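Engineer: So that we are looking at the same thing, I have put the structure below in structure tokens.
The values are calculated or read from the model by the stated rules, or taken from the named source; none is laboratory data. Treat the numbers as computed from the prediction; the structure is a model and nothing was measured. All accessible areas refer to the heavy atoms of the entire protein, side chains included, with ligands and DNA or RNA removed. Shrake-Rupley method; radii C 1.70, N 1.55, O 1.52, S 1.80 Å.
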Amino acid sequence: MTVPLVLPTLLGDAVRLRAFTTADLPTIREAATDPHIPLITSVPARGDDDACLAFLARQSDRTATGAGYAFAIAEIASDRAVGHAYLGLRDLDLGRATVGYWVVASQRGRGFAADAVRTLVRWAPAVQGVTRLELYVEPWNVASARTAERAGFVQEGMLRSWETVGDERRDMEMYALVLDQD
Ligand SMILES: CC(C)(COP(=O)(O)OP(=O)(O)OC[C@H]1O[C@@H](n2cnc3c(N)ncnc32)[C@H](O)[C@@H]1OP(=O)(O)O)[C@@H](O)C(=O)NCCC(=O)NCCS
């Protein structure tokens with residue numbers, strides 16, 4: 001049975017995690033031109049506006065179908081969306097959730113990803129049944145590794161040839177964070 005989720009709004013120091021709206025289209029347009037984001041997400045590579053709007057619609061579908069919580073990362077001051085943070089619940093019956101994130105290139109290096117992931121992690125114990133958060137980082141992706149570590153994730157090991165990114169099988173470093181059980 002599908003259990004719809006209710007997406008909360010979460011406040012960090014510099015970002016608000018909130019639902020995407022169609023007003024966030026310019027952010028998805030920028031993400032669609034990124035060399036990396038479309039390879040690792042369902043953001044449409046060089047997508048036109050229809051494809052970008054379909055991406056936005058899919059994010060609310062995730063909540064409606066219980067697949068996960070898809071947040072826009074919005075700068076608090078302007079409410080402008082700068083990226084995406086996701087908590088995926090596919091393995092919730094095993095007590096595990098996956099975390100994903102991206103920030104558009106024009107807004108990187110301002111601490112938005114680190115604040116967003118920390119904010120997500122602080123809230124995660126409120127999701128019933130989640131005891132462990134996992135994420136996967138390509139070995140070259142220092143910015144993502146630092147983002148994960150800043151939020152309390154610990155590197156656990158290399159998963160060889162873990163998934164296809166673009167046309168290639170890629171190794172992934174697994175990072176995880178075990179939530180307090182109290
Ligand atoms: C990874 C990503 C989300 C980081 O976003 P960001 O908003 O620029 O990150 P922040 O500014 O919050 O920085 C977080 C940490 O990474 C470090 N960092 C950021 N960019 C970096 C870079 N290019 N090289 C090395 N370290 C970097 C920061 O210094 C900070 O670490 P510190 O607090 O120890 O100084 C962004 O680069 C991105 O979207 N990349 C493409 C998509 C992607 O790789 N997603 C993750 C998939 S696992």
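Engineer: Ordering VAL154, VAL137 from largest to smallest accessible area (1.4 angstrom probe), what's the sequence? Don't skip to the answer; put the middle values down first.
Structural biologist: Numbers: VAL154 90, VAL137 5 Å².
Final ranking, largest accessible area leading: VAL154, VAL137.
Engineer: Do the sum for the chain: with -39,500 (n - 2.57) for every DSSP H run of n ≥ 4, divided by all residues, what is the mean residue ellipticity at 222 nm, to the nearest 500 deg cm²/dmol?
Structural biologist: Result for the chain: -8000 deg cm²/dmol, rounded to the nearest 500.
Engineer: Now for a different question. Roughly how many Å² of SER42 are accessible to a 1.4 Å probe, to the nearest 10?
Structural biologist: 50
Engineer: Quick one: work out the % antiparallel among DSSP beta bridges in the chain, nearest 5.
Structural biologist: On the way: 33 of 36 bridges.
That works out to approximately 90 percent antiparallel.
Engineer: What whole-number value in Å² describes the accessible area per residue of the chain for a 1.4 Å probe?
Structural biologist: Per residue, the chain has 52 Å² of solvent-accessible surface.
Engineer: Please list SER144, SER60 from largest to smallest accessible area, probe radius 1.4 Å, with all protein chains kept in place.
Structural biologist: My answer, sorted largest first, is SER60, SER144.
Engineer: Normalising by the residue count of the chain, find the relative contact order in percent from Cα pairs under 8 Å and 6+ residues apart.
Structural biologist: Working: 341 pairs, mean separation 33.2, N = 182.
With pairs under 8 Å counted, the relative contact order is 18 percent.
Engineer: When the accessible area of the chain is split by element with a 1.4 Å probe, what percent falls to carbon and sulfur?
Structural biologist: Taking all protein chains in place, the chain shows 52 percent carbon and sulfur surface.
Engineer: How much accessible area does THR21 have with a 1.4 Å probe, in Å² rounded to the nearest 10?
Structural biologist: 70
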